[in-house]
Amino acid sequence: MISRPLSDTDRTRHRRLREQGGRERAELDAILDAGFCCHLGVVVDGCPMVVPTVYGTDGRQLYLHGSVASRSLVAAPDAPVCVTVTHIDGLVLARSVFEHGVNYRSAMIYGAPRVVTDPAEKLEGLRILTEQAAPGQWDYARRPSRKELAATTLLALSLGEASVKTSSGPPEDGDGPDAGLGAVAYTHLTLPTITNV
């Protein structure tokens, strides 16, 4: 397999905890493939708004189901946005609150989404989005009517500018003064994950 690096821009460059930053496109793809819910950050009438929504990816772009946020995006299609996807894999409970943490995998995608207007791409984008959330549902359920398609906003966002960060493992309190608190052992609690089946 050919290694493909992620973009290196001012917005995607890791400045803090660089060792947790991912550099390969495969890491981004794995995070996106593992979920179906994202948060779309956009500025609406001068105020920031973060909207949870479902997404699907074809490996080149994200398709986002838009409604509330799409009003401003339709009016200003070149408006920059930030989309985040996060998976919480576990809580890291240490001997001290300061060392508590979270094991996670996260991705941030930057860019200016476009409103999908081509009927064929819109239908395909909705299929991708539906299959990402519930595999097999596109063939099982009734397809959207023309009226329903007209009432649905679909956004497409390139994956060309993205950043990945992950954290895993136990707390790092074994070599510090808290290691002497033998009565209070740390617990690494792994949370259940939901996968596409």
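Of the residues that sit in region 12-56 and are outside any strand (DSSP E or B) and in contact with a Pro (Cβ under 9 Å, 6 or more places away or on another chain), which one is modelled with the highest pLDDT? Talk me through it step by step, then tell me what you get.
Pass one, region 12-56, residues outside any strand (DSSP E or B): 12-20, 23, 25-36, 45-46.
Now restrict to residues that are in contact with a Pro (Cβ under 9 Å, 6 or more places away or on another chain): 23, 25.
On the way: ARG23: 72, ARG25: 77.
By that ranking, first place goes to ARG25.
One residue is enough: does region 64-84 have a residue meeting the conditions surrounded by fewer than 17 Cβ atoms within 10 Å (Cβ to Cβ), in contact with a Ser or Thr (Cβ under 8 Å, 6 or more places away or on another chain) and modelled with pLDDT of 90 or more?
yes
Select from region 127-151 the residues that are among the hydrophobic types (A, V, I, L, M, F, W, C) and within 18 Å of the chain's Cα centre (by Cα) and write down the one among them that is nearest to GLY59 (Cα to Cα).
Of all residues in region 127-151, those among the hydrophobic types (A, V, I, L, M, F, W, C) come to 128-129, 133-134, 138, 141, 149-151.
Applying the additional criterion that residues be within 18 Å of the chain's Cα centre (by Cα) yields 128-129, 133-134.
Details: ILE128: 11, LEU129: 12, ALA133: 15, ALA134: 18 Å.
Per the criteria, the residue is ILE128.
Filter region 81-108 down to residues that are of a type in the set (Phe, Trp, Tyr) and more than 12 Å from the chain's Cα centre (by Cα), then give me how many there are. Working first, answer last.
Here is the first cut: in region 81-108, the residues of a type in the set (Phe, Trp, Tyr) are 98, 104.
Next, from what is left, pick out any that are more than 12 Å from the chain's Cα centre (by Cα): 98.
Qualifying residue count, region 81-108: 1.
The values are calculated or read from the model by the stated rules, or taken from the named source; none is laboratory data. On a predicted model such as this, the values are computed, not experimentally measured, just so you know. Every residue, glycine among them, receives a Cβ derived from its backbone with ideal geometry; neighbour counts consider all protein chains shown.
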